[in-house]
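Inspection log for the structure reproduced underneath, given as structure tokens.
What follows draws every value from the coordinates through simple rules; no lab data is involved. What you see is a predicted model, and the numbers here were worked out from it, not measured in a lab. In this analysis, Cβ positions are derived from the backbone assuming ideal geometry, glycine residues included, and neighbour counts consider all displayed protein chains.
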Amino acid sequence: MKDHIVSVAGMLMPFGMVLLASTIGGSPVILLHIVVPNLLAELLVGGVMLWFAVCWYGLPAWLRRRPAPGARRPGM
């Protein structure tokens, strides 16, 4: 049963990450629209969301494609 739970959790995790990212991005939008002009608020939140996308999706995808440290390359 443990294998099934782990596989289901692995499938549901991206959805949870999207919801968390939207919450983290939505809160500053509400606050920044009060404090700074609308365009600046949207640019700041867009930068934060881009940072999250790179850290949560881009970096792990890049690390998965890299060979493991000490692994031999094919043909060597």
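Can you tell me how many residues in the stretch 1-45 are of a type outside the set (Val, Ile, Thr) and touching a residue at least 24 places away in the same chain (Cβ under 8 Å)?
3
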Within the group 61, 53, which residue is exposed (fewer than 13 other Cβ atoms within 10 Å of the Cβ) and touching a residue at least 12 places away in the same chain (Cβ under 8 Å)? 53
Kindly state which helices (runs of 4 or more DSSP H) lie completely within the chain and contain at least 1 residues that are touching a Leu at 6+ places or on another chain (Cβ under 7 Å) and of a type outside the set (Ser, Thr, Tyr). 2-35, 38-53
Inspect the stretch 41-48 for any residue being surrounded by fewer than 11 Cβ atoms within 10 Å (Cβ to Cβ) and under 22 Å from the mean Cα position of the chain (by Cα) and give the result as yes or no. yes
Subset of the stretch 34-43, residues within 26 Å of residue 14 (Cβ to Cβ) and touching a helix residue (DSSP H, G or I) at 6+ places or on another chain (Cβ under 6 Å), comes to none
